[in-house]
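Following: one structure in structure tokens, then a few remarks.
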Amino acid sequence: MTIVRYGTGGIGAGGQALPFARAVEADGWLHVSGQVAMQQGEIISGGIIPESRKAIENLIAILTEAGYCVEDVVRVGVWLDDPRDFGTFNKIYSDYFGKNPPARACVQARMMVDCKVEIDCIAFKPKVDRTAD
């Protein structure tokens, strides 16, 4: 089994080096690390709506880089700073995952950086066996 790591050595808020991969792929499974509304090393401002969109778009960018799409996502984990943002987040989330909703857990949590939402996922895409060609 081959393991592929995407985006190691990234830079987070405050210019701090991130000690993890943005995603790891193994045997058709892609585990995407938690994404926040980060742009150029800083959390964007504006509240739950723009932060939710940016965090999901960051997640989708990593899926795309690895050759996966939203339809390949089988599970999503969501952490919200404020449980009152749950309804608003769900509306935004359904814009991206509404047609093929994956399994999901959503909890309230104190964030490690000054953000309102963090989202991760697991995707699966069967690997094509090229040895038979």
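Throughout, read-outs are computed from the coordinates displayed, never taken from laboratory work. From a predicted model like this one, the values you see are computed outputs, not experimental measurements. Please note: Cβ atoms are built from the backbone with ideal geometry, for glycine as well, and neighbour counts cover all protein chains shown.
Going down the table (Lys99/Lys125; Lys54/Lys125; Lys99/Lys127; Lys91/Lys125; Lys91/Lys116), which pairs top 21 Å between alpha carbons?
Numbers: Lys99/Lys125 18 Å; Lys54/Lys125 24 Å; Lys99/Lys127 24 Å; Lys91/Lys125 27 Å; Lys91/Lys116 15 Å.
In this structure, Lys54/Lys125; Lys99/Lys127; Lys91/Lys125 lie more than 21 Å apart at Cα.
What share of all Cα pairs of the stretch 59-102, in percent, falls into each consecutive 10 Å distance bin?
Spelled out per bin, shortest first, that is 24, 51, 23, 2.
Would the stretch 34-133 count as rounded, prolate or oblate if I go by the C-alpha gyration tensor, calling it rounded below 1.5 in a/c and otherwise prolate when a/b exceeds b/c, oblate otherwise? Mind dumping the intermediate values first?
Working: a/c = 2.44, a/b = 1.83, b/c = 1.34.
Here the stretch 34-133 falls in the prolate category.
Taking R0 as 30 Å, what's the FRET efficiency between Ile44 and Ala103 from their Cβ-Cβ distance, rounded to 0.05? Display every interim value, and only then the final one.
Values: r = 28 Å, r/R0 = 0.93.
Computed FRET efficiency for Ile44 and Ala103 comes out at 0.60.
Based on alpha-carbon centroids, what's the gap between the stretch 105-129 and the stretch 15-83 in Å, whole number please?
Answer, in whole Å: 6.
Counting only DSSP beta bridges with both residues in the chain, what percent are antiparallel, rounded to the nearest 5?
Among the beta bridges of the chain, antiparallel pairing accounts for roughly 80 percent.
Could you work out the helix-only [θ] at 222 nm for the chain, with each DSSP H run of four or more residues adding -39,500 (n - 2.57) and the total divided by the number of residues, to the nearest 500 deg cm²/dmol?
Values: 2 runs with 30 residues, N = 133.
Mean residue ellipticity, 222 nm, calculated: -7500 deg cm²/dmol.
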